[in-house]
Amino acid sequence: MLGLMQDQPLLISGLIDFADKHHGDGEVVSRRVEGDIHRYTWSDVARRSRQVANALDGMKLGFSDRVATLAWNGYRHLELYFGVSGSGRVLHTINPRLHPEQIAWIANHAEDQVLCFDMTFLPIVQAIHSKCATVKHWVAMCDADKLPADTGIPNLISYEAWMGSQSTSYQWPVFDENTASSMCYTSGTTGNPKAALYSHRSTTLHAYAAALPDVMCISARDAILPVVPMFHVNAWGIPYSAALTGAKLVFPGPGMDGKSVYEMIENEGVTYAAGVPTVWQMLLTYMKPNGLKFSTLKRTVIGGSACPPAMIDAFRDDFGVDVLHAWGMTEISPLGTVCTLKNKHLTLSKDEQMKLLLKQGRAIYGVDMKIVNDAGDEQPHDGKAYGDLLVRGPWVVANYYKGEGNPLVKDKDGQNWFPTGDVATIDADGFMQITDRSKDVIKSGGEWISSIDIENIAVAHPAVAMAACIGVPHPKWDERPIVAVVKKPDAQVSREELLAFYEGKTAKWQIPDDVVFVDAIPIGATGKMLKTKLREQLKDYKLPSA
Ligand code: AMP
């Protein structure tokens, strides 16, 4: 017997319609590429999204055709989120930090028909437009009078001229909720990048889940600053969850440096901010010497790479801000776990709580996970046994775009799981902790050393700005860890002092064999440390002990 409830598809147009009807006067504030602040409301977003949909119809774009963006976090990008997907097309957010050749490769692979870009990225578009065979329309996300003449880009039109004169009424089409809504390419550190193709259903379910109190706890009383880019897994789904809840959105535009982020937080009464650790490091480095405090910020969600304990401490002790450590992936929309305490943990000492808060957290309803050893046997949830982390759920990929490379593995019961490539432990309370990417784990004498643990200790030293631990070949132990360190400006620490700093903080055999001081650690297009590149840079390095 089937239930007798209405079968309404979960569509992204429903989110923006809801925002329009129920919190239309909620604010969306953006720092524009031009440098000024733009301010309007959720009803304005809805109205202009409908104009975008009309403009796409006017271009005769077909159902599921791809519309690409090369854009910062801002209001026009938000309108494309809803106008493109809502009208049945697929929004393809491209990471502008990729090499132009990679951008062209991705646009061709996705078969993008339209490419909308912020003026910052005009030089990229000038370099690649002749290589993007499928793109028929180029839209510069600016006012009509800001469009430069003679760009060399055929039929280039300004966003405002393109959509501004369109009708503001539009009947959102109703279709299968499993229809593709947006796509995002993985970083592709090995081989060509592959795309996760999200659906209206997966995006809406993820938006619901992300707003839950033990996830990102997003409400109509929040003002949210997503520093995480809208080209990085849909800014972790925040634009959709904000439309669903009526939270105020504050977009930093191109200003990701500490000063700009701090000013946006203070000027707009931001209560909640989201980003990768490198962004928060820049913010803290700006605030501390200037003696600045937050007046409204209550919590930050930090994910994308492991959050060092020193950062959680600094936010909590120096600024009274709670850190939510989160784990996710492009392939899982991206949220998998978020670290929040349970009732029984509230009476624990600060140190005991800290041990938990450092973990990547508990699974969100909708994400099933387990850890398995090399033979595929499930490992116990005791916080000690580690294994490959497998996940499954309604916002986890079933396949890559164009069916490239089966992303799933079967377990012993024949069930499909997505292998994350991360190695993790899960404790009895369900808190998952990543020990490493499987390819970054250091295997020393048959034992595994977590590079994340080694890095966390290094960055707790007051003179250390950044640290990356990699394994280097060793004749006796196979591999031994070394740590590459960037010192804070004007700070001093010697190799010996730093190695002594490890004493008592980890097992002796896990202490790195050497410290290599470097000017910078290579950072990838999504703000994460690029260990592959670091290994390349240190390829001639020889261990003193080897
Ligand atoms: P991406 O798909 O580019 O977002 O990368 C996903 C990968 O980033 C995951 O598989 C993890 O290796 C890493 N990652 C994401 N969040 C965290 C976290 N909180 N701690 C450690 N690693 C993380």
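The values are calculated or read from the model by the stated rules, or taken from the named source; none is laboratory data. Since this is a predicted model, take the numbers as computed values, not measurements. Heads up, the Cβs are rebuilt from the backbone with ideal geometry, glycines too, and the neighbour counts pull from every protein chain shown. Note: accessible area is taken over every heavy atom of the protein model, side chains too, but ligands, DNA and RNA are not part of it. Shrake-Rupley method; radii C 1.70, N 1.55, O 1.52, S 1.80 Å.
Odds and ends about this structure:
- Residues (in a loop (DSSP other than H, G, I, E, B) and within 12 Å of the ligand (Cβ to nearest atom)) located in segment 296-338: Gly303, Gly304, Ser305, Ala306, Cys307, Pro308, Met329, Ser333, Pro334
- Of the residues making up segment 235-269, those that are more than 18 Å from the chain's Cα centre (by Cα) and of a type outside the set (Gly, Ala, Ser) are Leu244, Thr245, Lys248, Lys259, Tyr262, Glu263, Met264, Ile265, Glu266, Asn267, Glu268.
- For the condition part of a loop (DSSP other than H, G, I, E, B), within 16 Å of the ligand (Cβ to nearest atom) and at pLDDT below 95, Asn192 qualifies.
- Among residues of segment 436-464 that are within 20 Å of Phe315 (Cβ to Cβ) and touching a residue at least 12 places away in the same chain (Cβ under 8 Å), those with a beta-carbon under 8 Å from a residue that is hydroxyl-bearing (Ser, Thr, Tyr) and not in a helix (DSSP H, G or I) at least six positions away or on a different chain give the pairs Ile452/Thr435; Ile457/Thr506.
- Test: residue in segment 488-497 that is in contact with a helix residue (DSSP H, G or I) (Cβ under 7 Å, 6 or more places away or on another chain), away from the ligand (no atom under 16 Å from the Cβ) and either open to solvent by 40 Å² or more (accessible area, probe 1.4 Å) or among the small types (Gly, Ala, Ser) (or both): no
- Top-ranked residue in segment 436-451 [being surrounded by 21 or more Cβ atoms within 10 Å (Cβ to Cβ) and not in a loop (DSSP other than H, G, I, E, B); ranked as nearest to the ligand (Cβ to nearest atom)]: Asp436
- The lone exception for Tyr81 - which of (1) under 17 Å from Leu249 (Cα atoms); (2) open to solvent by 10 Å² or more (accessible area, probe 1.4 Å); (3) within 23 Å of the chain's Cα centre (by Cα) it fails: (2)
- Test: residue in segment 369-387 that is within 13 Å of the ligand (Cβ to nearest atom), outside the structural domain of Ile265 (by TED's automatic domain parsing) and not in a helix (DSSP H, G or I): yes
- Residues located in segment 152-181, provided they are β-branched (Val, Ile, Thr) and within 21 Å of Arg32 (Cα to Cα): Ile157
- Checking Asp388, Asp313 one by one, the residue that is closer than 19 Å to Arg437 by Cα, touching a residue at least 12 places away in the same chain (Cβ under 8 Å), open to solvent by less than 60 Å² (accessible area, probe 1.4 Å) and of a type in the set (D, E, K, R) is Asp388 and no other.
- Consider segment 263-284 and keep the residues that are closer than 20 Å to His325 by Cα and away from the ligand (no atom under 16 Å from the Cβ). The one that is most open to solvent (accessible area, probe 1.4 Å) is Met282.
- Of all residues in segment 206-245, those that are within 26 Å of Tyr262 (Cβ to Cβ) and of a type in the set (D, E, K, R) total 2.
- Residue match in segment 462-477 (condition: surrounded by fewer than 21 Cβ atoms within 10 Å (Cβ to Cβ), β-branched (Val, Ile, Thr) and touching an Asp or Glu at 6+ places or on another chain (Cβ under 7 Å)): yes
- Restricting attention to segment 357-383 and to residues that are charged (D, E, K, R) and either under 19 Å from the mean Cα position of the chain (by Cα) or modelled with pLDDT of 95 or more (or both), the residue that is surrounded by the most Cβ atoms within 10 Å (Cβ to Cβ) turns out to be Arg362.
Every residue, every condition in (1) part of a loop (DSSP other than H, G, I, E, B); (2) within 16 Å of the ligand (Cβ to nearest atom); (3) open to solvent by 70 Å² or more (accessible area, probe 1.4 Å); (4) closer than 21 Å to Ser13 by Cα, yes or no:
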site: Cys116; (1), (2), (3), (4): no, no, no, yes
site: Leu122; (1), (2), (3), (4): no, no, no, no
site: Thr134; (1), (2), (3), (4): yes, no, no, no
site: Ile153; (1), (2), (3), (4): yes, no, no, no
site: Ser169; (1), (2), (3), (4): yes, no, yes, yes
site: Glu177; (1), (2), (3), (4): yes, no, no, yes
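- Across segment 139-151, the qualifying residues are those that are of a type in the set (Gly, Ala, Ser) and in contact with a strand residue (DSSP E or B) (Cβ under 7 Å, 6 or more places away or on another chain), and the one among them that is most open to solvent (accessible area, probe 1.4 Å) is Ala144.
- Total residues in segment 237-251 satisfying the condition of being out of contact with any strand residue (DSSP E or B) (no Cβ under 6 Å at 6 or more places or on another chain) and either among the β-branched types (Val, Ile, Thr) or crowded, with 24+ Cβ neighbours inside 10 Å (or both): the figure is 6.
- Taking segment 16-33 as the range and being open to solvent by 10 Å² or more (accessible area, probe 1.4 Å) and either of a type in the set (A, V, I, L, M, F, W, C) or not assigned by TED's automatic domain parsing to the domain that holds Lys248 (or both) as the test, the residues that pass are Phe18, Val33.
- Scanning segment 424-435 for residues that are surrounded by 22 or more Cβ atoms within 10 Å (Cβ to Cβ) and within 12 Å of the ligand (Cβ to nearest atom) gives Ala424, Met432, Gln433.
- Selected residue (criterion: nearest to the ligand (Cβ to nearest atom)) from residues of segment 391-421 that are touching a residue at least 60 places away in the same chain (Cβ under 8 Å) and in a strand (DSSP E or B): Thr420
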